[in-house]
Amino acid sequence: MRKIRRLAPLLLSMVMFGSILTACGNDSAQSDSQDAAGNANGKVETIVFAMPSFNRIPDDMSKVTDAINKITTKKIGVKVDFKVYGPADYAQKVNLALQSGEQMDVFTTLGQFTSYVSKNQLYPLEELLPKYGKEMTAILDKDFGPDILKSTTMDGHIYGIPVNKGMSLPINFVYNADMLKEVGYSADQIKSVADLPPIFEAVKKKYPNVVPFGPANVNPSDTMLMLLLRGQNEVDFLSDTTGVGAVIGNDGKVVNFYDTDIFKNGVKMMRDWFNKGYLQKDAATTSISFSEMIASGQGFSFLGGYSGMEAAKALSAQTGKHLEMKRIAPYYFETGAVNLVSWMVASTTKEPEAAVKFMNLLYSDADLINTILYGIEGEDYVKIDEHHVKFPEGKDASTVPYTAMLSTGIIGSESLQYQLEGVNWSDVELKLKENKETKKSPYFGFIFDQSEVKAQMSAVNNVVNQYLPGLVCGLLDPDTTIPEFVQALNDAGAQTIIQNKQEQLDQWIASQKK
């Protein structure tokens with residue numbers, strides 16, 4: 001569960017700002033073909049579809065489930081048992097179903113793709129996609145490129161479908177624009193992370209009760225330092241969230257990232273910020289998110305990974321403050337950045353064809369996608385125009401009967417999703433453009449098979465959870481803590497993981513040359 005929480009900042013960066021580009025193809029013609037394929041034998045098959053929601057989950061889901069089934073039974077002859085869980089409970093609920101034999105057909109990774117593969121919990125899709133997933137794969141090829149399914153392919157088998165969204169998440173400095181102006185600075189003066197300390201100092205001087213900088217997420221806290229360092233230095237963690245066993249640049253050498261100068265210098269910067277009072281003293285352990293601090297007028301800024309340029313509008317609406325953002329570091333596509341959120345079919349499924357038909361519709365049918373995200377038109381949302389919606393008069397996300405609007409970045413295709421009122425339509429065009437233009441690691445498509453080092457991976461992850469929050473929040477002294485951290489990682493089996501990764505990577509590189 002702590003791993004899921006550690007991934008939460010990145011996931012929320014993905015999910016909060018989903019949007020629409022245009023309808024991909026003719027929905028009517030597409031639906032006719034799917035209807036014929038789904039109902040040829042007159043049988044309606046039932047699958048379980050489990051989705052994480054970052055919004056309040058209502059006790060009664062029947063109305064939305066009925067609306068979903070009205071679409072799916074007509075178009076593909078599939079009935080859906082729609083299950084929704086909070087992000088902290090999602091992986092546990094899915095794993096329990098997979099292990100107990102309870103029906104579970106379509107679910108998402110939330111950062112655990114390779115773990116599911118290593119446990120043989122995923123159904124291979126390569127033989128089903130040409131017949132039942134044509135629209136879905138065509139949309140992905142168009143919006144990202146033909147190599148996207150390399151990120152979910154292991155041992156020749158396709159085990160998942162990455163969500164179709166803005167995947168490039170450059171690091172942005174998010175700040176209270178009114179405060180920035182009051183202390184005499186402008187966004188034009190911010191070029192990189194090195195430009196931030198003088199601004200923090202000015203904020204601290206003018207607003208003594210305001211914390212200049214804070215972690216994007218808590219429990220455990222994350223200042224987005226790892227994402228910043230990855231983009232700045234072209235670090236590929238080789239489809240592994242522990243951070244042990246990374247390649248920097250294109251030399252093909254697997255190293256312990258926590259024992260590199262890049263990491264050491266990064267946490268020394270955070271330690272300097274902490275010592276100068278730019279972070280709150282309990283930054284590593286606080287249970288109060290920094291967006292709450294900003295909303296209460298007690299916080300100034302944070303770093304976040306966001307696709308497109310419109311995220312600040314949603315953040316402003318969330319906090320009630322005038323927030324703007326400035327890009328300060330690029331993104332870098334590694335395999336894990338793409339398969340981080342992918343949709344998969346359980347190996348225990350009894351209806352694999354029905355599951356893939358549903359996934360295909362999940363990526364290609366605007367009615368289905370927006371019912372799952374926004375609920376019932378007129379009750380849960382109101383359409384403003386062809387592409388934009390708002391909440392009914394007097395309602396918001398916490399008071400409508402149903403919404404999963406914060407899950408826009410983990411469901412289907414952004415290009416078919418409604419956008420909230422005020423979000424610029426052209427932002428999705430930018431997101432999809434940057435998907436194709438963002439630099440990819442030379443090792444894109446390599447996926448680390450953890451099956452031989454599962455015990456070491458678990459032990460290493462526990463060590464990372466123990467040390468990393470305090471280091472990235474500046475609470476711990478890097479000079480004394482990093483040697484202790486690296487030793488604890490080695491004691492937990494880090495070198496075995498690194499050696500195993502190196503062997504697999506060498507084999508993968510050799511296979512690419514054939």
*asked:* Per residue, how large is the accessible surface of the stretch 296-348? Use a 1.4 angstrom probe and give square angstrom.
replied: 28 Å²
*Taking 7 Å along the Cα-to-C-beta vector as the label spot, tell me the Ile384-Glu201 distance in nanometres, rounded to one decimal.*
4.2 nm
*Histogram of C-alpha separations across the stretch 351-444, 10 Å bin width, %*: 15, 40, 29, 14, 3, 0
*Computed helical MRE - 222 nm, the chain, DSSP H runs ≥ 4 contributing -39500 (n - 2.57), nearest 500*: -13000 deg cm²/dmol
*Counting residues in the stretch 87-152 as N, plug N into 2.2 N^0.38 Å and put the Cα Rg over that result.*
1.29
*Could you pull out the pairs from Lys191/Lys436; Lys43/Lys350; Lys74/Lys431; Lys63/Lys134; Lys253/Lys440; Lys150/Lys433 whose alpha carbons sit more than 22 Å apart here?*
Lys191/Lys436; Lys74/Lys431; Lys63/Lys134
*asked:* Please give the charge dipole size of the stretch 363-414, origin at the Cα centre, charges +1 on K and R Cβ atoms and -1 on D and E Cβ atoms. Round to the nearest 20 debye.
replied: 160 debye
*State log₁₀ I(q)/I(0) for the stretch 256-407 at q = 0.11, 0.16 Å⁻¹ as given by the Debye formula over alpha-carbon point scatterers of equal weight, solvent excluded.*
-0.75, -1.20
*Extension gain from Glu393 to Glu484, taking 0.36 nm per residue of separation minus the Cα-Cα distance*: 27.1 nm
_Positive-pole candidate from Val78, Thr46, Gly156, dipole of the chain, charges at beta carbon_ = Gly156
*Relative contact order [Cα under 8 Å, 6+ residues apart], the chain, whole percent*: 28 percent
*With a 1.4 Å probe and every protein chain kept in, tell me what percent of the accessible surface of the chain is carbon plus sulfur.*
49 percent
_Let me check I've understood the local charge: for Ile376, count other residues with C-beta under 13 angstrom from its C-beta, Lys and Arg +1, Asp and Glu -1. What total comes out?_
-2
*For the stretch 86-240, calculate the relative contact order in percent as a whole number, restricting contacts to Cα pairs under 8 Å that are 6 or more residues apart.*
13 percent
_Loop-only trypsin sites (Lys or Arg not before Pro) in the stretch 362-461, please: DSSP not H, G, I, E or B, and at most 15 other Cβ atoms within 10 Å._
Lys439
*Which distance in Å, rounded to a whole number, links the C-alpha centroids of the stretch 206-241 and the stretch 112-151?*
30 Å
*Antiparallel bridge percentage (DSSP; both residues within the chain; nearest 5)*: 65 percent
*What does the convex hull of the Cα atoms of the stretch 420-486 come to per residue, in Å³, rounded to a whole number?*
219 Å³
*Dividing the Cα convex hull volume of the stretch 112-256 by residue count, how many Å³ per residue is that?*
183 Å³
*What's the extension gain from Asp89 to Lys134 if we count 0.36 nm per residue and subtract their Cα-Cα distance?*
13.0 nm
*asked:* Below 14 angstrom from the Cβ of Glu334, what's the summed charge of the other residues (Lys, Arg +1; Asp, Glu -1)?
replied: +1
*For Gly297, what is the net charge nearby, where nearby means another residue's Cβ is under 12 Å from its Cβ and Lys, Arg count +1, Asp, Glu -1?*
-1
*In terms of Cα to Cα distance under 16 Å, which lysines are near enough to Lys131, apart from those fewer than 8 places away along the same chain?*
Lys75, Lys357
*Dividing the alpha-carbon Rg of the stretch 296-385 by 2.2 N^0.38 Å yields what?*
1.55
*asked:* Starting from 0.36 nm per residue, how many nanometres of slack lie between Lys142 and Ala317 once their C-alpha separation is accounted for?
replied: 59.8 nm
*asked:* Taking every alpha carbon pair in the chain, what does the distance histogram look like in 10 angstrom bins from 0, in percent?
replied: 4, 19, 30, 27, 16, 5, 1, 0
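The values are calculated or read from the model by the stated rules, or taken from the named source; none is laboratory data. Because the structure is predicted, anything quoted here is derived from the model rather than measured. Counting neighbours? That spans all protein chains shown, and the Cβs are built from the backbone with ideal geometry, glycine included. Surface areas here come from the heavy atoms of the whole protein model, side chains and all, with no ligands, DNA or RNA. Shrake-Rupley method; radii C 1.70, N 1.55, O 1.52, S 1.80 Å.
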